[in-house]
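One structure is given below, encoded as structure tokens.
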Amino acid sequence: LSILALLFLCCYASATETQRVMIGDFSSGNLDGWQEKGFSGETQYQLLTLNSNTALRSKSQNSASGLYKKIRVDLSKYPYLNWRWRIENRLETQNEQIKSGDDYAVRIYVIVSGGLLIWRAKALNYVWANASPKYNVWPNAFAGKKAMMMALRSKQDETSTWYVEKRNVFEDLKTIFGTDIQHIDAVAIMTDTDNNGGQATSYFGDIFFTSQ
């Protein structure tokens, strides 16, 4: 899926001077600031209680739409992206690096706006892959090297199990794109199954940046 359609940012919510920059406060039942972007069909997103905690459930049936939040985060102060996620079933994807396999039970990505120079826009996708091994990095099958993919989970990881993630986004962007990127301009999440005609049910926990 091409995510370049999300890169039309025109205004930002500024991060406050705290040790934590909250992006997705799902445990509080809060979806403030999140907007939907459709690509093919509609993935359903709903806040609900799971094991006594509120989380964001995503359900995709041969569909691809995501939620995104415009927020400018200073990576020199808050480089670490934290979140938790789980999937209820695996996709049968055999090759995520081709267009017919560009489906993910969960993905979370950071977007760097190119401003008026749209061709300078970039995105880094952290994905729960099926075929690709952990920590593999590759260009998105639709968007090319402007949208890079990194597998954090794969078919060896358990379903119906919460996994807590923490990534140094500043270092990941520098390693993958070869330059210091000081700010990200949006965060997006998606469950998509349109290219392979599958279905997936997954959950996202709170998403936030921290200084350490």
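The values are calculated or read from the model by the stated rules, or taken from the named source; none is laboratory data. All of these numbers come straight from a predicted model, not from anything done at the bench. Glycine gets a Cβ as well: all are built from the backbone with ideal geometry, and neighbour counts include every protein chain shown. What goes into the accessible areas is simple: the full protein's heavy atoms, side chains included, and nothing from ligands, DNA or RNA. Shrake-Rupley method; radii C 1.70, N 1.55, O 1.52, S 1.80 Å.
When the helices in the chain are scored as -39500 (n - 2.57) per DSSP H run of 4 or longer and the sum is shared across all residues, what 222 nm value do you end up with, to the nearest 500 deg cm²/dmol?
Helix-only estimate at 222 nm: -1000 deg cm²/dmol.
Not counting ligands, DNA or RNA, and with a 1.4 Å probe, what is residue 49's accessible surface area in Å² rounded to the nearest 10?
100
Which whole-Hz couplings ³J(HN,Hα) result when phi for each residue of region 64-73 is put into the Karplus expression 6.51 cos²θ - 1.76 cosθ + 1.60, θ = phi - 60°, listed in order with x for Gly and Pro?
7, 9, x, 10, 9, 10, 6, 7, 8, 10
Convert each backbone phi in region 196-212 into a coupling constant with the Karplus relation 6.51 cos²θ - 1.76 cosθ + 1.60 (shift: θ = phi - 60°), then list the ³J(HN,Hα) values in order as whole Hz, x for Gly and Pro.
In residue order, the calculated couplings are 10, x, x, 9, 8, 10, 9, 9, 10, x, 4, 10, 7, 9, 9, 7, 9 Hz.
Which links in 69/99; 69/145; 37/69; 70/122; 37/122; 145/174 stretch past 19 Å when you go from one Cα to the other? Numbers along the way, then the final one.
On the way: 69/99 26 Å; 69/145 22 Å; 37/69 11 Å; 70/122 14 Å; 37/122 17 Å; 145/174 14 Å.
Going by Cα-Cα distance, 69/99; 69/145 fall outside the 19 Å limit.
Which whole-number value in Å² is the accessible area per residue of region 24-97, probe 1.4 Å?
Spelled out: the 1.4 Å probe surface of region 24-97, per residue, equals 48 Å².
Out of (1) 52, 41, 36; (2) 40, 39, 29; (3) 52, 51, 28, which label holds the value of Cα extents along the principal axes in Å that was computed here?
Entry (2).
Nearest 0.05, what FRET efficiency do residue 145 and residue 22 give at R0 = 35 Å with Cβ-Cβ as r?
Efficiency computed from Cβ-Cβ geometry: 0.70.
Return the carbon/sulfur percentage of the accessible area of region 62-212, one whole number, probe 1.4 Å, all protein chains in place.
46
Tell me, what is the 1.4 Å probe accessible area of residue 161, in Å² to the nearest 10?
Residue 161 has an accessible surface of roughly 50 Å² with all protein chains in place.
HN-Hα J couplings of region 35-52 from phi, Karplus 6.51/-1.76/1.60, θ = phi - 60°, integer Hz, Gly and Pro as x?
Per-residue couplings from phi come out as 10, 9, 10, x, 10, 8, x, 9, 6, 8, 10, 8, 6, 8, 8, 10, 6, 6 Hz.
Roughly how many Å² is the accessible area per residue of region 140-197, as a whole number, for a 1.4 Å probe? Let's see the in-between values first.
Values: 2410 Å² over 58 residues.
Ligands and nucleic acids excluded, the result is 42 Å² per residue.
Could you tell me which residue out of 65, 159, 98 lies farthest along the dipole of the chain toward its positive end? Charges go on the beta carbon: Lys and Arg +1, Asp and Glu -1, centred on the Cα centre.
Going by the Cα projections, it comes out as 98.
What stretch of the chain, leaving out the sites themselves, is the longest with no GluC sites (Glu not before Pro) in a DSSP loop having at most 10 other Cβ atoms within 10 Å?
18-157
Assigning unit charges at the beta carbon (Lys, Arg +1; Asp, Glu -1) and nothing else, what dipole magnitude in debye, to the nearest 20, does the chain show about its Cα centre?
Value, rounded to 20: 320 debye.
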